[in-house]
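All of the numbers you see were taken from the coordinates with simple rules; none came from a lab. In this text, all values refer to a predicted model and were calculated from it rather than measured experimentally. Here the Cβ positions follow ideal geometry from the backbone for every residue, glycine too, while neighbour counts run over all protein chains shown.
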Amino acid sequence: MEKFFKLSENNSNVKTEIIAGLTTFMTMAYIIALNPNLLTGFGAEGADLWNGVFLATVIASGVGCICMAFLANKPFAMAPGMGLNSFYAVVCANIVGITGMSYVESFQAALCIILIEGVIFLILSVLNIREKIVEGIPLGVRLGIAPAIGLMLLNIGVGSNAGIYSDMGGPFYAMRDFFGALTAGYAKTSMGTGYGSMVLTVVTMLVGLFAIVYLNHKNVKGAVLFGMLIASVVNWIGQAAFFATNPFASLAEASFVPPFKDMAATTLFKFNFTGFVNIGWFTIITLIITFCIIDMFDTIGTLVGTASRAGMVDDKGNMPNMREALTSDAIGTIVGSCTGTSTVTTFVESASGVEAGGRTGLTALVTGICFLACMFIAPIAAIIPAAATSAALIYVGYLMLCGLKKVDFEKIEEGLPVALMLIAMPISGSIGHGIGLGLISYTIISVLKGKAKEVPVLTYVISLIFLVKFFLVV
């Protein structure tokens, strides 16, 4: 372990890396159920497809993390990307309308798009082209990526991670519907029977957040992980005491046998190339371009932002082993397409493991093993309340936001693009789109200030690609 992952060289040890890996997994565990829910209409397309996507999710995530561990030796974890999976579901539905195929057949046709995307990225990564694209992002913009991601994490943690449903509908969220209400009476009226659950959600979130802050102040290793566990216990007690609900009831009826049969029947190497051709070549090309652009810059943004927070970049903002990290991402996507899920990308929640002390691939390896283990123990991971993970996301988001002090706001060509990224990422939910807006504004402002020759040619090219993406491509 020591020799392979170079733990001492990275000022880490086995215990710290294991805790970091568990922390990352717990903040990402929601994807295990949410991804198949999104891709199958919350089970509306049948339990067999849901089971197939569930297994594809944990397998692709596990393999991607393990590749990151052994190829790049970095503490970053991967899973089917949020936003990209929702887009994939919309694409599948559109294919149904275009071709008249069933949803399952359309799903299998869309997997061909993900396969092609993964192969393209693998080639670009091996040839160092994706790494050159990273270097084409100006340093000022790169410095703003981490804080923008931090604000995005804060938005997810407080805004949309922990929602509740009630007789009044839903989902209701803490920031929008609880803190956003002018009075407690208004919130209670708008949420109906869900108000009590919302109060427990907010209490869980705050207890977890302040527990993390306190434990970190006391220099407790794994403060984020232990804070999440404390928050979970508070939530479980609250469910039992105030709602007469057994938080572990789902474990009694849960199946711990992986549904490999369903996966083999629906998603495993089920590429529908005939249906793929019927989509139409123009639509196919635009979809591949769209998936490539979003995935590329989501991954680049996460790697650069998280690595910056961990001190893994040099004076020019470049991260060692970037090519290997991007290659791992491409392999994860290819595995995802072969097993039956949408694009796999590096997760921004990796920042929680980095904050817990993770500095090497051992962190990613532990996270990957946890994902693979979920083929058998997914019901256990499911009992961790979303509000507990929100506490971790809020804390890590704050820490990443602190990186704003590195941005030179006296230079408008650096400060304004960063400001736009700060607002674009949380609202759009896309790291890639935020970077695109930042690059476009950086390029235009530099030209207007008479600094056109100082802008790298590759920055012009990337900005133009994003302009085409925003205004001409679906």
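Residue exposure proxy: Leu458, Leu209, ordered by other Cβ atoms within 10 angstrom of their Cβ from fewest to most, comes out as Leu458, Leu209. Sorted ascending by nearby beta carbons within 10 Å, beginning with the fewest, Thr23, Thr99, Thr40 become Thr99, Thr40, Thr23.
Hey, could you get me the Stokes-Einstein D for the chain, Kirkwood radius over alpha-carbon pairs, 10 °C and 1.306 mPa s, rounded to whole µm² s⁻¹? After rounding, the answer is 70 µm²/s.
Each label point was placed 7 Å from the Cα along the Cα-to-Cβ direction; for Lys3 and Ile427 their separation is 5.5 nm. Would you mind classifying the range 104-193 by shape? Square roots of the alpha carbon gyration tensor eigenvalues, ordered a ≥ b ≥ c; an a/c under 1.5 is rounded, otherwise it is prolate if a/b is larger than b/c and oblate if not. Cα axes put the range 104-193 in the oblate bin. In the frame of its principal axes, the range 223-369 has Cα extents of 58, 50, 25 Å, reported largest first. Using the alpha-carbon positions of the range 407-471, Rg (one decimal) and Dmax (whole number) come out as 11.6, 33 Å.
With contacts taken as Cα pairs under 8 Å and at least 6 residues apart, the chain reaches a relative contact order of 35 percent. Altogether, the Stokes-Einstein calculation at 25 °C and 0.890 mPa s, with the Kirkwood radius of the range 105-258 over Cα pairs as Rh, returns a diffusion coefficient of 124 µm²/s. Longest segment of the chain with no GluC sites (Glu not before Pro) in a DSSP loop having at most 14 other Cβ atoms within 10 Å? So the longest stretch without any such site is 10-409. When every Cα-Cα distance of the range 42-183 is counted in 5 angstrom steps from zero, the calculated P(r) takes the values 2, 7, 9, 14, 16, 16, 15, 11, 7, 2, 1, 0 percent. Can you tell me the FRET efficiency between Ala240 and Met175 if r is taken as the Cβ-Cβ distance and R0 is 41 Å, rounded to the nearest 0.05? For R0 = 41 Å, the calculated efficiency reads 0.95.
Of the chymotrypsin sites (Phe, Trp or Tyr not before Pro) found in the range 1-101, the ones in coil according to DSSP and having at most 15 other Cβ atoms within 10 Å of their Cβ are Phe42. Ellipsoid semi-axes for the range 297-422, based on the Cα gyration tensor and the rule √(5λ), read 29, 19, 14 Å when sorted largest first.
Here's the picture: a label point sits 7 Å out from the Cα of Val220 along the beta-carbon direction, and within the range 392-433 the residues with their amide nitrogen under 20 Å of it are 392-399. Report the FRET efficiency, 1/(1 + (r/R0)^6), for Leu372 and Ala249, where r is their Cβ-Cβ distance and R0 is 30 Å, rounded to 0.05. Efficiency, rounded to the nearest 0.05: 0.70. A simple count of charges around Gly46, restricted to other residues whose Cβ falls under 15 Å of its Cβ and scoring Lys, Arg +1 and Asp, Glu -1, yields -2. Remark: for residue pairs Lys15/Lys406; Lys6/Lys132; Lys6/Lys74; Lys74/Lys132, the C-alpha separation exceeds 22 Å in Lys15/Lys406; Lys6/Lys132. Calculated FRET efficiency, Tyr165 to Phe273, Cβ-Cβ distance, R0 = 51 Å: about 0.80 to the nearest 0.05. Of Lys405/Lys449; Lys3/Lys261; Lys188/Lys221; Lys405/Lys451, which sit over 32 Å apart, Cα to Cα? From Lys405/Lys449; Lys3/Lys261; Lys188/Lys221; Lys405/Lys451, over 32 Å: Lys3/Lys261; Lys188/Lys221.
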